[in-house]
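Peer 1: Before I ask anything, here is the structure I am working with.
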Amino acid sequence: MAARPDFGHLKARVVGILTRPAEEWPAIAAEPTDPAALMTGYAAPLAAIPAVCRLIGLHVIGAWLPLVGTYRVGIVRSIVSAIVSWMLSLAGLYIAAIVVERLAPTFGSSGGIVPALKLVVYASTPVWIVGVLNLFPVFVPLTLLAALFGAYLFSVGLPAVTHTPADQVIPYMFVATLITIALFLALGLAAGLIAGGGYAGV
(Lines give C-alpha, C1' and ligand atoms only; values in the text may rest on other atoms or scores of the structure.)
Protein backbone atom coordinates (compact mmCIF):
# COMPACT_ATOMS: atom_id res chain seq x y z
CA MET A 1 0.00 0.00 0.00
CA ALA A 2 1.13 3.57 -0.65
CA ALA A 3 2.53 5.49 2.28
CA ARG A 4 4.16 8.77 3.06
CA PRO A 5 7.90 8.69 2.38
CA ASP A 6 9.96 7.66 5.39
CA PHE A 7 12.91 9.97 4.80
CA GLY A 8 15.09 8.23 7.37
CA HIS A 9 14.62 4.92 5.59
CA LEU A 10 14.96 6.62 2.20
CA LYS A 11 18.31 8.16 3.18
CA ALA A 12 19.61 4.85 4.52
CA ARG A 13 18.55 3.05 1.35
CA VAL A 14 20.21 5.66 -0.90
CA VAL A 15 23.47 5.41 1.03
CA GLY A 16 23.28 1.63 1.07
CA ILE A 17 22.58 1.12 -2.63
CA LEU A 18 25.28 3.60 -3.66
CA THR A 19 28.05 2.49 -1.29
CA ARG A 20 27.45 -1.22 -0.64
CA PRO A 21 25.10 -2.57 -3.32
CA ALA A 22 26.19 -6.19 -2.88
CA GLU A 23 24.89 -6.07 0.70
CA GLU A 24 21.86 -3.88 0.00
CA TRP A 25 20.31 -5.88 -2.84
CA PRO A 26 19.60 -9.03 -0.77
CA ALA A 27 17.86 -6.83 1.81
CA ILE A 28 15.84 -5.21 -0.98
CA ALA A 29 14.93 -8.61 -2.43
CA ALA A 30 13.60 -9.83 0.92
CA GLU A 31 11.70 -6.64 1.71
CA PRO A 32 7.90 -6.91 1.38
CA THR A 33 6.50 -4.05 -0.68
CA ASP A 34 4.23 -3.23 -3.60
CA PRO A 35 4.44 -0.97 -6.66
CA ALA A 36 2.59 1.92 -5.02
CA ALA A 37 4.96 1.95 -2.03
CA LEU A 38 8.04 1.82 -4.27
CA MET A 39 6.79 4.65 -6.43
CA THR A 40 5.49 7.00 -3.73
CA GLY A 41 7.95 6.19 -0.97
CA TYR A 42 11.17 6.15 -2.99
CA ALA A 43 10.91 6.97 -6.69
CA ALA A 44 8.65 10.03 -6.52
CA PRO A 45 10.70 12.11 -4.03
CA LEU A 46 14.05 11.23 -5.62
CA ALA A 47 12.82 11.76 -9.18
CA ALA A 48 11.82 15.27 -8.11
CA ILE A 49 15.51 16.18 -7.60
CA PRO A 50 16.47 16.50 -11.28
CA ALA A 51 13.11 18.06 -12.14
CA VAL A 52 13.35 20.80 -9.50
CA CYS A 53 17.03 21.42 -10.18
CA ARG A 54 16.31 21.71 -13.91
CA LEU A 55 13.66 24.33 -13.13
CA ILE A 56 16.12 26.35 -11.05
CA GLY A 57 18.94 25.85 -13.51
CA LEU A 58 17.02 26.96 -16.59
CA HIS A 59 15.04 29.81 -15.05
CA VAL A 60 17.26 31.24 -12.30
CA ILE A 61 20.85 30.35 -13.23
CA GLY A 62 20.46 29.97 -16.97
CA ALA A 63 22.58 28.26 -19.61
CA TRP A 64 25.47 29.93 -21.39
CA LEU A 65 25.25 29.74 -25.17
CA PRO A 66 27.98 30.86 -27.61
CA LEU A 67 27.17 34.18 -29.33
CA VAL A 68 24.08 34.48 -27.16
CA GLY A 69 25.34 34.64 -23.59
CA THR A 70 23.25 33.50 -20.67
CA TYR A 71 19.89 32.15 -21.75
CA ARG A 72 17.04 31.67 -19.29
CA VAL A 73 13.70 29.95 -19.77
CA GLY A 74 10.50 31.65 -18.62
CA ILE A 75 9.07 30.64 -15.25
CA VAL A 76 5.82 29.16 -16.61
CA ARG A 77 7.59 27.02 -19.17
CA SER A 78 10.19 25.98 -16.57
CA ILE A 79 7.50 24.85 -14.10
CA VAL A 80 5.54 23.01 -16.79
CA SER A 81 8.73 21.33 -18.00
CA ALA A 82 9.65 20.24 -14.45
CA ILE A 83 6.20 18.78 -13.72
CA VAL A 84 5.91 17.01 -17.06
CA SER A 85 9.42 15.55 -16.89
CA TRP A 86 8.81 14.34 -13.32
CA MET A 87 5.51 12.66 -14.21
CA LEU A 88 6.92 11.06 -17.36
CA SER A 89 9.99 9.82 -15.50
CA LEU A 90 7.72 7.95 -13.07
CA ALA A 91 5.65 6.56 -15.94
CA GLY A 92 8.89 5.53 -17.65
CA LEU A 93 10.01 3.63 -14.58
CA TYR A 94 6.87 1.53 -14.59
CA ILE A 95 7.08 0.86 -18.31
CA ALA A 96 10.75 -0.10 -17.94
CA ALA A 97 9.80 -2.46 -15.11
CA ILE A 98 7.24 -4.15 -17.35
CA VAL A 99 9.95 -4.62 -19.98
CA VAL A 100 12.33 -6.08 -17.39
CA GLU A 101 9.57 -8.43 -16.18
CA ARG A 102 8.81 -9.63 -19.70
CA LEU A 103 12.50 -10.21 -20.43
CA ALA A 104 13.04 -12.29 -17.28
CA PRO A 105 12.15 -15.75 -18.71
CA THR A 106 14.44 -15.15 -21.70
CA PHE A 107 17.39 -14.86 -19.33
CA GLY A 108 16.43 -17.66 -16.96
CA SER A 109 15.17 -15.25 -14.31
CA SER A 110 12.06 -15.15 -12.13
CA GLY A 111 9.36 -12.70 -13.17
CA GLY A 112 6.95 -10.49 -11.31
CA ILE A 113 6.34 -6.76 -11.49
CA VAL A 114 7.52 -6.07 -7.93
CA PRO A 115 11.03 -7.58 -8.39
CA ALA A 116 11.33 -5.84 -11.76
CA LEU A 117 10.25 -2.53 -10.29
CA LYS A 118 12.70 -2.93 -7.40
CA LEU A 119 15.52 -3.35 -9.91
CA VAL A 120 14.53 -0.38 -12.06
CA VAL A 121 13.73 1.96 -9.17
CA TYR A 122 16.77 1.33 -7.00
CA ALA A 123 19.19 1.17 -9.94
CA SER A 124 17.96 4.65 -10.92
CA THR A 125 19.21 6.13 -7.63
CA PRO A 126 22.54 7.54 -8.93
CA VAL A 127 20.79 9.27 -11.85
CA TRP A 128 18.40 11.03 -9.49
CA ILE A 129 21.11 12.07 -7.03
CA VAL A 130 23.36 13.41 -9.78
CA GLY A 131 20.29 15.30 -11.01
CA VAL A 132 21.51 18.18 -8.85
CA LEU A 133 23.82 18.94 -11.80
CA ASN A 134 20.74 20.23 -13.59
CA LEU A 135 21.32 23.39 -11.58
CA PHE A 136 24.10 24.09 -14.05
CA PRO A 137 22.93 22.93 -17.51
CA VAL A 138 26.49 22.84 -18.86
CA PHE A 139 27.21 19.87 -16.56
CA VAL A 140 24.13 17.83 -17.52
CA PRO A 141 26.09 15.51 -19.90
CA LEU A 142 27.97 14.23 -16.84
CA THR A 143 24.78 12.46 -15.79
CA LEU A 144 25.75 9.81 -18.36
CA LEU A 145 28.32 8.58 -15.83
CA ALA A 146 25.54 8.16 -13.28
CA ALA A 147 23.53 6.19 -15.85
CA LEU A 148 26.47 3.83 -16.33
CA PHE A 149 26.69 3.34 -12.58
CA GLY A 150 22.96 2.66 -12.57
CA ALA A 151 23.46 -0.10 -15.16
CA TYR A 152 26.15 -1.58 -12.91
CA LEU A 153 23.78 -1.49 -9.91
CA PHE A 154 21.14 -3.21 -12.03
CA SER A 155 23.57 -6.02 -12.88
CA VAL A 156 24.57 -6.45 -9.23
CA GLY A 157 20.92 -6.69 -8.23
CA LEU A 158 19.84 -9.26 -10.83
CA PRO A 159 21.07 -12.41 -9.01
CA ALA A 160 19.53 -11.35 -5.68
CA VAL A 161 16.22 -9.97 -6.92
CA THR A 162 15.34 -12.11 -9.96
CA HIS A 163 17.70 -15.06 -9.38
CA THR A 164 19.40 -14.48 -12.72
CA PRO A 165 22.08 -17.11 -13.52
CA ALA A 166 25.62 -15.72 -13.50
CA ASP A 167 26.12 -16.28 -17.23
CA GLN A 168 22.93 -14.34 -18.03
CA VAL A 169 23.55 -11.24 -15.91
CA ILE A 170 25.50 -9.23 -18.51
CA PRO A 171 23.21 -10.06 -21.46
CA TYR A 172 20.10 -9.29 -19.38
CA MET A 173 21.58 -6.01 -18.14
CA PHE A 174 22.72 -5.02 -21.64
CA VAL A 175 19.36 -5.63 -23.33
CA ALA A 176 17.35 -4.04 -20.50
CA THR A 177 19.65 -0.99 -20.46
CA LEU A 178 19.40 -0.42 -24.22
CA ILE A 179 15.60 -0.61 -24.15
CA THR A 180 15.41 1.66 -21.09
CA ILE A 181 17.69 4.27 -22.70
CA ALA A 182 15.55 4.30 -25.85
CA LEU A 183 12.41 4.60 -23.73
CA PHE A 184 13.68 7.54 -21.71
CA LEU A 185 15.03 9.33 -24.77
CA ALA A 186 11.56 9.08 -26.29
CA LEU A 187 9.94 10.31 -23.08
CA GLY A 188 12.42 13.20 -22.92
CA LEU A 189 11.41 14.28 -26.41
CA ALA A 190 7.76 13.95 -25.45
CA ALA A 191 8.33 16.08 -22.35
CA GLY A 192 9.97 18.76 -24.46
CA LEU A 193 7.10 18.82 -26.95
CA ILE A 194 4.49 19.01 -24.17
CA ALA A 195 6.40 21.76 -22.35
CA GLY A 196 6.86 23.75 -25.53
CA GLY A 197 10.56 23.32 -26.13
CA GLY A 198 13.15 20.82 -27.26
CA TYR A 199 14.41 17.77 -25.45
CA ALA A 200 13.49 18.18 -21.78
CA GLY A 201 14.85 15.00 -20.26
CA VAL A 202 13.10 12.84 -17.69
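Peer 1: Restricting to the range 79-129, and then to whatever is among the polar types (S, T, N, Q) and surrounded by fewer than 21 Cβ atoms within 10 Å (Cβ to Cβ), can you tell me which residue is modelled with the highest pLDDT?
Peer 2: Thr106
Peer 1: So, one more: What is the one condition in (1) modelled with pLDDT of 95 or more; (2) crowded, with 17+ Cβ neighbours inside 10 Å; (3) more than 11 Å from the chain's Cα centre (by Cα) that Val140 does not satisfy?
Peer 2: Every listed condition holds for Val140 apart from (1).
Peer 1: Name the residues in the range 6-31 that are assigned to a helix (DSSP H, G or I) and of a type outside the set (A, V, I, L, M, F, W, C), would you?
Peer 2: Selection gives Gly8, His9, Lys11, Arg13, Gly16, Thr19, Pro21, Glu23, Glu24, Pro26.
Peer 1: Let me ask you something else. I'd like the residue in the range 27-49 that is surrounded by 17 or more Cβ atoms within 10 Å (Cβ to Cβ) and β-branched (Val, Ile, Thr) and, out of all such residues, is nearest to Trp86 (Cα to Cα).
Peer 2: Ranking the candidates gives Ile49 first.
Peer 1: Which one is farthest from the chain's Cα centre (by Cα), of the residues in the range 170-190 that are over 15 Å from Ile95 (Cβ atoms) and buried (at least 19 other Cβ atoms within 10 Å of the Cβ)?
Peer 2: Tyr172
Peer 1: Let me ask another. Picking from Ala151, Ala160, which residue would you name as being part of a helix (DSSP H, G or I), out of contact with any Pro (no Cβ under 6 Å at 6 or more places or on another chain) and closer than 18 Å to Ser124 by Cβ?
Peer 2: Working: Ala160 fails: out of contact with any Pro (no Cβ under 6 Å at 6 or more places or on another chain).
Criteria check complete, one pass: Ala151.
Peer 1: Going residue by residue through the range 153-163, is there one that turns out to be more than 23 Å from Val15 (Cβ to Cβ) and modelled with pLDDT of 95 or more? Let's see the steps before the verdict.
Peer 2: The first filter runs over the range 153-163 and keeps only residues more than 23 Å from Val15 (Cβ to Cβ), leaving 162-163.
Add one more test, that the residue is modelled with pLDDT of 95 or more, and what stays is 162-163.
Within the range 153-163, one or more residues are more than 23 Å from Val15 (Cβ to Cβ) and modelled with pLDDT of 95 or more.
Peer 1: Cβ-Cβ below 7 Å, separation at least six or inter-chain, first residue in the range 119-141 and of a type in the set (Phe, Trp, Tyr), second surrounded by fewer than 19 Cβ atoms within 10 Å (Cβ to Cβ): which pairs?
Peer 2: That search, which allows pairs on different chains as well, returns Trp128/Ile49; Phe136/Ile61.
Peer 1: Right, another one. Ala22 - would you say it is at pLDDT 95 or above and over 20 Å from Ser89 (Cα atoms)? Walk me through it before giving the result.
Peer 2: Values: at pLDDT 95 or above: yes; over 20 Å from Ser89 (Cα atoms): yes.
In short, yes.
The values are calculated or read from the model by the stated rules, or taken from the named source; none is laboratory data. Keep in mind it's a predicted model, so treat the numbers as computed, not measured. Every residue, glycine as well, gets a Cβ built from its backbone with ideal geometry; the counts of neighbours run over all protein chains shown.
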